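Visitor: First the structure, then my questions, so here it is.
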Amino acid sequence: MYNNPPKTLFVGQKLLFLPECHSTNDIAADLINTASTPEGTVVITSQQTRGRGQRGNSWHAEPGKNLTLSIILKPTFLTANQQFLLNMAVSLAIHEFLSKYLPQNLSIKWPNDIYWKSQKMGGILIENTIQGLSLTHSIVGIGLNINQKHFPEQLRAISLKLASQPFIKEDEYDLEILLSELLIVFEKFYLLLRNGKTDSLRAYYLRNLYGYGEKRFFVSDGNRFEGTITGVDSQGRLVIEKDNKLCYFLFKEIEFVF
């Protein structure tokens, strides 16, 4: 499984497959300390026993049905206050990869969850190492629901298989083929970021942002309010117009009401 390297310059050219592990991000963190680990190294597993998501949540995935991986990057061209640019590039890469199979109803829920309609299809956990003013290493953890058919109701989750069921006849997607496709698109967006195409990445991110320009309900500090998402600032804060004023929210300071 996962024996064929993707047609990329460096992302996925070194790949470590583990049938089972506690966390691909933790394994990748150990590899960073090894001088022989090149940028673009991928750690992937069929079963992650202690996967982590945003907000300290755990990531649940049925063994052998989904894509659970981590990618090691060395984005030394980014300063510490530019971390959200990497988040945007990664989110857009996954969005574009999935758009081949789901051309409609895909979006990025701030900051980086992948949604189909109003259900979660994937999550991203980026852990950065900073030295001085710049990033030295980043571990990009990705969990994508692919062939799983059953989820706990409270998770409000969906898989690529379930979302595309009316349009395809295959019993299951080939995870090895999907991984190769994902890594090719991932490298494309990472190189766009490295080449300074930040304005186009920002515009693309906003076009695909869940709820952008729509009146929605949110909860902050236990208070429910109605507002309109107007953008994301350079620090990665969600900008919401509320009562004719712009309010700025960091991650964990606001929740969407569904």
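The values are calculated or read from the model by the stated rules, or taken from the named source; none is laboratory data. Just so it is clear, the model here is predicted, and its values are computed rather than measured. Methodologically, a virtual Cβ is constructed for each residue, glycine included, from the backbone with ideal geometry; neighbour enumeration extends over all protein chains shown. Accessible surface is based on the protein model in full, side chains and every heavy atom, while ligands, DNA and RNA are left aside. Shrake-Rupley method; radii C 1.70, N 1.55, O 1.52, S 1.80 Å.
Visitor: Round to a whole number: what % of the accessible area of the chain belongs to carbon and sulfur, probe 1.4 Å?
Guide: Carbon-and-sulfur percentage of accessible area, whole number: 48.
Visitor: Could you run the Karplus curve 6.51 cos²θ - 1.76 cosθ + 1.60 with θ = phi - 60° over region 223-235 and give me ³J(HN,Hα) per residue in whole Hz, x for Gly and Pro?
Guide: Along region 223-235, the couplings run 9, 8, 8, 9, x, 10, 5, 10, x, 9, 7, 5, 8 Hz.
Visitor: So, one more: Identify the residues of region 199-217 with backbone N under 17 Å of a label point that sits 7 angstrom from the Cα of Leu191 along the Cα-to-Cβ direction, or state none.
Guide: Within reach of a label on Leu191, which here means backbone N under 17 Å from a point 7 Å along Cα→Cβ, region 199-217 contributes 201.
Visitor: While we're here: What's the FRET efficiency of Thr136 with Glu226 using the Cβ-Cβ distance as r and R₀ = 41 Å, to the nearest 0.05?
Guide: 0.45
Visitor: Also: Give me the dipole magnitude in Debye, nearest 20, for the chain about the Cα centre, with unit charges on the beta carbon: positive for Lys and Arg, negative for Asp and Glu.
Guide: Its charge dipole is roughly 420 debye.
Visitor: When a/c is below 1.5 the answer is rounded, else prolate if a/b is larger than b/c, else oblate, so apply that to region 157-253 with a ≥ b ≥ c taken from the square roots of the Cα gyration tensor eigenvalues.
Guide: oblate
Visitor: Kindly provide the helix-only [θ] at 222 nm of the chain, computed as the sum of -39,500 (n - 2.57) over DSSP H runs of four or more divided by all residues, to the nearest 500 deg cm²/dmol?
Guide: Calculated mean residue ellipticity at 222 nm is -7000 deg cm²/dmol.
Visitor: I want to check a number: in region 112-258, how many lysine pairs have alpha carbons closer than 29 Å, given a sequence separation of 8 or more or different chains?
Guide: Going through region 112-258 pair by pair, I get 27.
Visitor: Net charge within 12 Å of Lys109 by Cβ-Cβ distance, Lys/Arg positive one each and Asp/Glu negative one each, not counting Lys109 itself?
Guide: Spelling it out: positives minus negatives among the neighbours equals +2.
Visitor: On to the next question. Near the amide H of Leu18, under 5 Å away, which other amide H atoms are found, from residues 5 or more places off or on another chain, if H is placed in the peptide plane?
Guide: Counting only residues 5 or more places away or on other chains, the set is Ile44, Thr45, Ser46.
Visitor: Sequence-distant or interchain residues sharing an amide H contact under 5 Å with Ser134, placed H: which?
Guide: Here Ala80 satisfy the definition.
Visitor: Further, regarding this structure: With Cα extents along the principal axes in Å in mind, check [x] 55, 49, 31; [y] 53, 46, 40; [z] 53, 37, 35 and report the label derived from this structure.
Guide: [x]
Visitor: Count the net charge of all other residues whose Cβ sits under 15 Å from the Cβ of Ser180, scoring Lys and Arg as +1 and Asp and Glu as -1.
Guide: -1
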